[in-house]
1. Residues with beta-carbon under 10 Å from that of A:P97, excluding A:P97: net charge, scoring Lys, Arg +1 and Asp, Glu -1?
2. Output, in nm with one decimal and in ascending order, the distances from the B:E158 label point to the matching label points of the other copies (7 Å from Cα along Cα-to-Cβ).
3. Which value, in debye to the nearest 20, describes the size of the charge dipole of region B:46-282 about its Cα centre when Lys and Arg Cβ atoms bear +1, Asp and Glu Cβ atoms bear -1, and nothing else is charged?
4. Pick from A:M183, A:M90, A:M224 the residue whose mean-square fluctuation is largest in a GNM of chain A, springs joining Cα atoms under 10 Å.
5. Test of understanding: express the Cα radius of gyration of chain A as a ratio to 2.2 N^0.38 Å, with N the residue count.
6. Below 8 Å, C-alpha to C-alpha, sequence gap of six or more: please give me the relative contact order for chain A in percent.
7. Cα atoms only, region A:46-282: Rg and Dmax in Å?
8. Would you mind calculating the gained length between B:R164 and B:E91 on full extension (0.36 nm times residue separation, minus the Cα-Cα distance), in nm to one decimal?
2 protein chains.
Amino acid sequence: MKLADRIARLGTETAFAVSAEAAAFAAQGNKVYPFHLGDLNLKTPANVQAAAIKAMQEGRTGYCPNGGIPQLREILAEDVSAARNVKYTMENIAIQPGGKPTISKFFMSLMNPGDEVLYPNPGYPIYESQIEFHGGKAVPYGFIEGEKNFEIDTDMLESRITPRSRLLVLNDLQNPTGAECSMAELEKIAELVRKHDLWVLCDEAYFDIRYQGRSKSLVSLPDMVDRCIILYTFSKKFAMTGWRLGATIGPKEIIDVIIKLNVNDESCSNHFIQYAAIEGLTGDLTEARQILATLKERRDQAVDILNDIEGIKCLRPDATFYLWPNVTGAMQKTGLTDYDSFRKTVLQQTGVSFCTRLHFGRPLEGEDQYYIRLAYSGINTPEIEKGLGKLKAFIEQ
Amino acid sequence: MKLADRIARLGTETAFAVSAEAAAFAAQGNKVYPFHLGDLNLKTPANVQAAAIKAMQEGRTGYCPNGGIPQLREILAEDVSAARNVKYTMENIAIQPGGKPTISKFFMSLMNPGDEVLYPNPGYPIYESQIEFHGGKAVPYGFIEGEKNFEIDTDMLESRITPRSRLLVLNDLQNPTGAECSMAELEKIAELVRKHDLWVLCDEAYFDIRYQGRSKSLVSLPDMVDRCIILYTFSKKFAMTGWRLGATIGPKEIIDVIIKLNVNDESCSNHFIQYAAIEGLTGDLTEARQILATLKERRDQAVDILNDIEGIKCLRPDATFYLWPNVTGAMQKTGLTDYDSFRKTVLQQTGVSFCTRLHFGRPLEGEDQYYIRLAYSGINTPEIEKGLGKLKAFIEQ
């Protein structure tokens, strides 16, 4: 008796091991400063909660349509269309139990075994896992540290396109780097997509987590609406990570397939919480805006302290709730020159828990700078100050 | 640009088309008697709802562990162990967003392309779909209409086992026939499983929907706990179909893989509704028992009327909320000798909507008896009486 062969190709989020180590350290009576996981320690807005409770009590507890309730699909289509200057209707929307299910359904719908898929690295590790699990070939592209922002290495991206390239994963605004494409980058990517006839997974999980300016989407560029599948989630902007609600958005012909996958995989998403999402999109936004204000305050505090540490350089992304500081100098200073010993020693010595480059895909050849990821979604400002203060003392000792 | 090849092998629940036809007929101002879909028109017990609301308001709105919250996994392990006389612990449990996700995850974990899978036919159509979607060969086995019960045709089952047979799907208690294995059937199946070294998906979605006696499980038989994966759901007994909560239960080595699939597919199930499930398993059962009492009353009324119709013979299953009457004589009498014209004419003439044999897998060679499926989960007794009265009048006219 043995497992199916494909299981050997299944990856995971190794960040969960970091959580486990932090929990074990805390269980020994130590203080932990949790910068490792991208969950929010903020409340779901009360009006959003109330809408779910009302729908539950009104009996929205039976199955709903496989693609989601029509009202939510309509409202979400309008919202996403307005924010991206395109024209989606409810037929372009398939509600999902979270943002993540869009990843596996995208690859199952559009990737054949042997197809090559360009994906961001460092990046969310589930892309790599799902590409390989379903028999594709994962082809990474990297990022360049600019003055104000990380940029996609579009030369590397272009150089890795082959006749077998069929899909592209674009996570703009990006986990873990906070990178945001300039219009020039988006135009270059759109050109490559057209030229090489690619399908694109636009993971826009952080589209609405931004502190100034306006998010852009690849789908706004000419022809892209017919080639892009958007991963959408309610998790971040309404602090609803544990509710599990999101959507796949794209051309009707693909959405019809995705809905057929819904029929096969989980029938439908939870019925009554879809009414909470409607309230989120159409109701009072006071608490949702407060979530953003809180996150912005945390970002500024963390970036300021990090840049005050010798050997650390941290950009200040306008979006996401992640920081990707360059810690090359700090690691050299401590003599801890591999990621795991640096991370574990910092945890033991200071209680500061974070992920490193190793948790975001297999490192590329020639990387000579070292980065860690700090998430500030699950830690309050007094703790940020204390924790990063200890980090500073440890590195500068 | 084209879809992945595997999409051509993806099936669906054709019963949804029956729903659509019924809805279209109702939209024309006609009365519909809905016997077609296995949803419940009953309320989730108030104490179960209250537990979810409390957990939501207490902030159980962030991610939870990928396999589910430990308390629920422990309590469910105890509950399932006691009901099946085995010894599971929380390590044998992976919480899922519904019962259905266990089907695709079972095949992804244990089936290689080309492996043969024995599955019940008539049966839930998603087995056939998921076997073929993930590259397996679907090998059907049928049922025999006994005096009191449908029985698995174990001779057919045995005759179809080959050296490539690797998996078996057992849906005991069964949708759509209401079949329930005798101890002799279970022993025969266990013998075949041991002899041919098979993994078994035990779809026990209806294990607790029974009106007398006690449900048995294949896992109770010698060696079977190491070879069976149970599909468990909270949907039916607590009228929670639209909540989407269930579990995969089996050997730890498989559950570890299933949890890794959870990490990849949807991260975790909704956090706060897991507290509702704890209340369901440990709290007051008054309303849950009332659900069963209501269903039993509906079953008896429906069976009595059906058996009073010329050309229809209906068994009275002790479990599930489905009836699988033999309508061979009735169809002959009406001159409507193919399933679709019989079904559509009955809908048009009487408003009674149901599924037929065609919605439960590709018919086997040599079938000469005709069956339809009536679900009584979504229709109240006065409507059952009126609807089936009209059916009787139509057939006997």
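1. Values: positive: A:K100, A:R244, B:R244; negative: A:D265, A:E266, B:D265, B:E266.
That works out to -1.
2. 6.9
3. Here region B:46-282 has a charge dipole of around 520 debye.
4. Comparing A:M183, A:M90, A:M224 in a Gaussian network model of chain A, the most mobile one is A:M183.
5. Working: Rg = 21.0 Å, N = 397, 2.2 N^0.38 = 21.4 Å.
Output field value: 0.98.
6. It rounds to 25 percent for chain A.
7. 17.5, 56
8. On the way: separation 73, 0.36 × 73 = 26.28 nm, distance 3.04 nm.
Stretched fully, the B:R164-B:E91 segment lengthens by 23.2 nm.
The values are calculated or read from the model by the stated rules, or taken from the named source; none is laboratory data. Not measured: the values here are computed from a predicted model. Reconstructed Cβ throughout: ideal geometry from the backbone, glycine too, with neighbour counts over all protein chains shown. Remember, those area values only see protein heavy atoms, side chains included, never the ligands or the DNA or RNA. Shrake-Rupley method; radii C 1.70, N 1.55, O 1.52, S 1.80 Å.
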